[in-house]
Amino acid sequence: MFKRITFTLNHQVVSLEVDIRKSLLELLRDLGYTGVKKGCGVGECGACTVLVDNTPLDSCIYLAVWADGKNIRTVEGLAADGVLSPVQQAFVEEGAVQCGFCTPGLVMTTTALVESGRAYSREEIKRELSGHLCRCTGYQNILKAAEKSLTHSGEHKCRCDK
Amino acid sequence: MYNIQSYYEAETLAEALELLVQKPSLKVIAGGTDLLVQLHHGRIPQVDLLSIRKLRELAGIQLLTAGEIVLGSLVTFSDLVNHQLIKQHIPVLAEAALAMGGPQIRHIATLGGNICNGATSADSAPALFALNAQLKLTSRSGERLVPIREFYLGPGKVDIRAGEILAAIVLNPEDYRGFSGEYIKFAMRQAMDIATLGVAVLCRFTAGQVLEDLRIALGVAGPTPLRCSAAEDFARGKVLSAENIAAICELTVEASRARTSWRASKEYREHLIKELTQRALTSARAKAVKQVSLDAGGGEIV
């Protein structure tokens, strides 16, 4: 059974017939967006995290048909004209990338935190990133990168003592 | 790919209820965080899905003029964590919601789904049991209200009849006003884990710190979440002295039906029940004292 869906994917409108059995993860990877990683497949590791209407969700347990009418963003849509987004740049600068498998998901969740415009304490950042597993256990640098991302344009938005 | 045979997207509640009558094989899906995982693991071989995701009738949180708080079944755990009405009137439910899964799961998992899944480990269940939540079930032939304590029938089994959809969760003012509460989830990790044990406590004190009402509800202490009526009856009219707390905790263990599973042994669970109930009671009392002191204009804490 197929269903026609229309959605925005990294700022471009896409319209296609999709198999109702597919997850959004499978659809995106079939379309070539392999920055969306398949990890556990059951919503535990966060490697497949994408933004759906600016909210981080696990695309492995999100049916592709649900994307109809939504704004979907993947890591491929972040860099503009070959320039990394501030969140991506922070991950590079802080050495928050080891094997890289968890990175796209973490970058997407961090992007959502930055775009929310809210200030987050260190504990709150940890909580917001807790749906991502890093098998290299590089959490300290990931946390540093997220904190750096949330401190953009010289304005310190984190609620720590600095 | 998931083994989905057919997929229907209802646009209105009436349409969804009609479809359920026409095609009794349909399985209702909302957030999908339990159902899709069960499909993935092959626990459900194949399925015809009816999505209720677009039904605005089942969305939102409302405070009615009579004081009831109505939670639409499609309310997500993130909604519960962030909604002003919940933070203000039922903070224990916001605490419980925050203990569930991780952010990506909380953003899409629904309260209705957590209840209908029928798990004794459901993080919403102890708080909702303590709050005497009423479940509004809707079908083409009408509506019925079921107390949540009667809705859970056994592991994964709930009292939802053919053609019915859980529309809302209703909390009455006499069940949340004036109460202070605490939910403690015990698990191996602080996120993305299933509760080894869950305890929710709600207390209401008179001015003299006498317990006017106490509710204790446990998760993973039996095949379904449960209330500890004997402990609650004992506590009414008493002060929370160390002696009374110990007696309450003993009665709480007696009410439980914990068993050994790969997560924990029966004995360890019983130890947790005693210890966590004591901690939850102490914390709920501290919150009540703080509230009284705030109400009195920030006077000295007694």
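Data for the structure
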| quantity | calculated |
| --- | --- |
| Over chain A, relative contact order from alpha-carbon pairs under 8 Å, at least 6 apart, % | 22 |
| Footprinting exposure proxy for B:Cys228, B:Cys116, A:Cys40 (fewest neighbouring C-beta atoms within 10 Å first) | A:Cys40, B:Cys116, B:Cys228 |
| Inter-label distance, nm, simple model (7 Å from Cα along the C-beta direction), A:Glu123/B:Lys290 | 1.1 |
| Nearest-20 debye value, region B:122-164 charge dipole, Cβ charges on Lys, Arg, Asp, Glu | 120 |
| Residue-averaged beta-carbon neighbours from other chains (10 angstrom radius) around B:102-113 | 6 |
| Cα centroid separation, region B:231-302 to region A:88-129 (Å) | 38 |
| Among B:Ser283, B:Ala258, B:Ile245 - extreme Cα towards positive end, dipole of region B:233-300, charges at beta-carbon | B:Ala258 |
| Percentage relative contact order, chain B, counting C-alpha pairs under 8 Å, at least six apart | 14 |
| Point-charge dipole on Cβ atoms (K/R +1, D/E -1) for the protein assembly as shown, about Cα centre, debye to 20 | 580 |
| Once the Cα gyration tensor of chain A is diagonalised, semi-axes √(5λ) in Å | 28, 16, 14 |
| Mean-position separation - Cα centroids, region A:1-29 and region B:13-49, in angstrom | 21 |
| Cut-off under 5 Å, modelled amide H: who pairs with B:Ala167 long-range | B:Lys136, B:Leu137, B:Thr138 |
| Rg/Rg_ref, the protein assembly as shown, where Rg_ref = 2.2 N^0.38 Å and atoms are Cα | 1.03 |
| Lys, Arg +1 and Asp, Glu -1 on Cβ, resulting dipole of region A:57-124 about Cα centre, debye, nearest 20 | 120 |
| Inter-label distance for A:Asn71 and A:Tyr139, nm, one decimal - labels placed 7 Å from Cα along Cα-to-Cβ | 3.2 |
| Cα extents of region B:60-192 along the three principal axes, largest first (Å) | 43, 35, 23 |
| Residues B:Ile61, B:Ile29, B:Ile4, sorted so that the one with the fewest Cβ neighbours within 10 Å comes first | B:Ile61, B:Ile4, B:Ile29 |
| Using distinct alpha-carbon pairs, which all enter the 1/r mean, Kirkwood radius of chain B in Å | 20.0 |
| Taking A:Thr6, A:Thr109, B:Thr76 and counting other C-beta atoms within 10 Å, the order from fewest to most | A:Thr6, B:Thr76, A:Thr109 |
| Kirkwood Rh, angstrom, region B:157-302 [1 / mean 1/r, Cα pairs] | 16.6 |
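Every number here is computed from the coordinates shown, using simple stated rules; none is lab data. Quick caveat: nothing in here was measured; it's all calculated off a predicted structure. We place every Cβ from the backbone using ideal geometry, glycine too, and count neighbours over all the protein chains shown.
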